[in-house]
Each structure stands twice: as structure tokens, then as C-alpha cells.
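Since every read-out is calculated from the coordinates, none of them should be taken as a lab result. Computed from a prediction, not measured in an experiment: that's the story for all the values here. Cβ placement follows ideal geometry from the backbone for every residue including glycine, while neighbour counts extend to all protein chains displayed.
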Amino acid sequence: MAIAVIRVSLVAVGLVWVLAAQTVLAGDAQRYVKPGSQAAHSAACVEETNFMRRNHMELIKHQRDSTVHHGIRSTKHSLAGCVNCHVSVSPEGQALAINGRDQFCGACHAFSAVDVNCFGCHANVPRGGLLSPAALAAHGDATAGARPSPGQFMSDTPGPATGRAGGQ
Amino acid sequence: MKHQEAPLDPSLGSPPDPTLNAGPDQSRRAFLGIAAGATAAVVAPAFVLQAQAVGNPRAERVSDAHRWGLLVDTNRCVDGCRACVDACDQENGLDLQRKQPDQSEAEWDTQKAVWLRKVKLQDNLTGRVSNLPMMCQHCEHPPCVDVCPTGASFKRADGIVMVDRHTCIGCRYCMMACPYKARSFIHEVVEDQLTRVPRGKGCVESCNLCVSRRDQGLDSTACADACTALGHRAILFGDLKDPASAISQALRTMPSRQIREDLDLNTGVRYAGV
């Protein structure tokens, strides 16, 4: 009888420990979303959180092919979107590299010992915008009719410069 | 829009102002009016910025209904002008490249990535000099795609020849195959890429006709815009398959050539005046 009581109490203690460990792990996972990032203010990621934890790499990999080969840029599974939303900012206002060991991507990948190769090529902070300032300026001009019409193009009349510098 | 609805919560409304003769409903209305105005003032610029920043991202696959190309009038290309080169560098983050400390200037000149370069041609018989910008010619039958062992070098449906850096192994076979010396190899780790132009060590890259602008619905390239802004108007970007486009009309009316037309590559970049 005494053995049975000890056995049951051991199981109970074990269960309590398992519960505690899970709570701590869940707390850790919570902290991977950095306070101050846009994501910290969002109720959910682009998909359900647990789904994202297991499958984000599949979504990104699928997206990369449709973007590079088919030019599709409108979907919500873009890496630029991940970085934009999850990047945290230093007290000095500098965006912190998202693959840093204490940052959103870096912390989890360090914990799970999986190399993250995305940022060999991709920007690890939002940098430069989806369109360049020049593109935005020119786009504004385009609506005002600054783009040369076929008649204007390559004709000598309208332009301030007259083509080649060296005389012929 | 939770924060817009928040003022409607009665608990957040201001208490009736005793100095007003009007009833509590009036003061609450005034408060709601001010709150709505303030919210709109805060939220509206954000929406404008959003609309500006994102453009019109493509939702459907690119199709072969378009074929993008450039027409360069070398008669209007000014000797010594680098506006297109600088614009290309800024658009694609190439101006962020830095020489390695242990590198000589000569080595750096041969190793840095260049998507667009100015070329000066001289006819040895007549002495006539022509200037032209040289970049990926976006061939219909690109030799770089033929030789790529991994399929990383590919032609998009709309005629843009690109490198899929996810599959590029950096063998540089395409650089050997390209008759236009249009491709560059990234030799060193890159840490300050732009979001719109991912680029990194070990991959080959070249002009992609400002593909992010294409996919955001803009109608020109950085080089063409820069040339137009200076008034030179030597570079025209457009759809070669649209008979009404400016580039098609210009091609129809003025003599133009492909560089190395003997190779029968049907380039998307055409030159006039050479």
C-alpha cells in the first residue's frame, strides 16, 4: 500500500514537472516575438501561429518560386513581409538584424540548431523599400505626363540636351 | 479599425461640460466629432503612405502577352554621362558595394558587380565615335540559359532573362556564354542588400529590367527614367509586343540594330545609330 502511494505521488510530481516545463517553454516561445515589433501588436501571424511554427519554411519556399519565376508579389507569404513585421528596433531607433541570435529568426533557429540561409541574399532589416525613391518619383511624374511620347522620343526639338557632346 | 470604434464606447466619452447650456448629448457629439477628425488625421496619411509604398503588386502569373525591351538611340547618348549607370546602381543597391581592404583598385574594377556599363565605340575607318549603355540584352534565345547546369538562369514569360539565385551554384558558365559580358559574379559576402533586390555571395547576377518595378505595375526602368530626366531621352523602355507602345512605334519608324545580330539571338535591347 505504501509503495502504491509513493508510486502515485511520484507520478503526480512528474506530471507537475512536465506541466511546469511546458509552461516555461511556452513562455520562451512567446518571447521570440520581440516587443516593439509590429508583430507584437498583431493578434495572429498570416496563418495560425502553430502552423507557422512548423510550416513557415514551406510557405516561404513556395512563395519564392512563384515570385521569382511568375512575378507574383501580392501574396501574404513573402519573406520581406516576415522581416517587415517581426523586426525589432533598438532604443536608438535602429532596426536590429532579424537573424541575430537574440532576434526573432535567429533565436529560434539557434535553439533548434537549424541554419537559416535566407539572409545571405535577403535583407535582414527592411531596407530601401519595395520601390526605390526614384521609382516613386518617376511614377508620380508619369501620371503628370512626363514620360516621352513616341513622337518626342529621340527627336531633337524638345530636349534641352542635343545628344552627343562631340560635334560631327 | 478598433481604434476608430473606440470613441463610440460611452465609457470613453467626456463627461458633460457644465459650462455649456446644451445637454450632455451635444457635448458628446462634439467630442465624437473631434475624436473622429483626429483619428482620420492620424490614419489617413498612413493609408496614403501605404498606397505609395506598395504600388500595385502583381497577383497573376506573368504571361507572354508582353515582351519587355529597350531601344537605345546612341546618337543621343552623351559622352561622359553616367546617369543611367548611377541610377541602375542606386535602384539595385550596387552603389553599396565596397572594395575589400586587401584589394587593388584594378582588381576591384574587374570584380565588382556591374549590371549596366557605358561602352564607347570607334569606327577605325571614319573615326566616328558612338557611346552606348550595354547591359543584359534579354535575348529571345539566351545562351546563358542554354548553358546553365541547374536551370537557375531562365527567361521569364515576359521576356526578362533572370537568375534564380536560389538555384544558382555560382559556376559562372553563363558569364562565359554571354556574348555581351553582361553578367557579374558576387565574390564577397553582402550585408546591406536592399529588400527589393536580394543579392549575395556566390551567385551570378545581371540586369533584370527592374523586375521589381515590373511587378509593382510601374512603366519604366531606372536607366530610362534617369536618361529622360536629364533630357537626353536616349533610352526608351516598353512592350515590344504591343504595336501601340512607344517603343514599337519608334522601332517601326527608325533604323535600329541588335548588337551581334549574327548570333541570331533576337535581343530585347535594340540600338539605333550604330
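Just how far, in whole angstrom, is region A:57-109 from region B:85-139 if you go by their alpha carbon centroids? Comparing the Cα centres of region B:85-139 and region A:57-109, I get a distance of 32 Å. As a ratio to 2.2 N^0.38 Å, the alpha-carbon radius of gyration computed for region A:30-143 takes the value 1.16. Built from the Cα atoms of region B:68-272, the convex hull projects on average onto 12.5 nm², one quarter of its surface area.
What chymotrypsin sites (Phe, Trp or Tyr not before Pro) in region A:91-135 are in a loop by DSSP, with at most 14 other Cβ atoms within 10 Å of the Cβ?
Details: sites: A:104, A:111, A:119; in loops: none.
Nothing satisfies the criteria.
Show me the GluC sites (Glu not before Pro) within region B:51-107 that DSSP assigns to loop and that have at most 11 other Cβ atoms within 10 Å of their Cβ. Let's see the in-between values first.
Working: sites: B:60, B:91, B:105, B:107; in loops: B:60.
Listed in order of number, the matching sites are B:60.
A Cβ-based charge dipole, computed about the Cα centre of region B:68-272 with Lys and Arg at +1 and Asp and Glu at -1, lands at about 260 debye.
Using only side-chain charges placed at the Cβ, +1 for Lys and Arg and -1 for Asp and Glu, the dipole size of region A:30-143 relative to its Cα centre rounds to 160 debye. Among A:85, A:67, A:96, which residue has its Cα furthest toward the positive end of the charge dipole of region A:24-104, with +1 on Lys/Arg Cβ and -1 on Asp/Glu Cβ? The residue sitting farthest along the positive end of the dipole is A:67.
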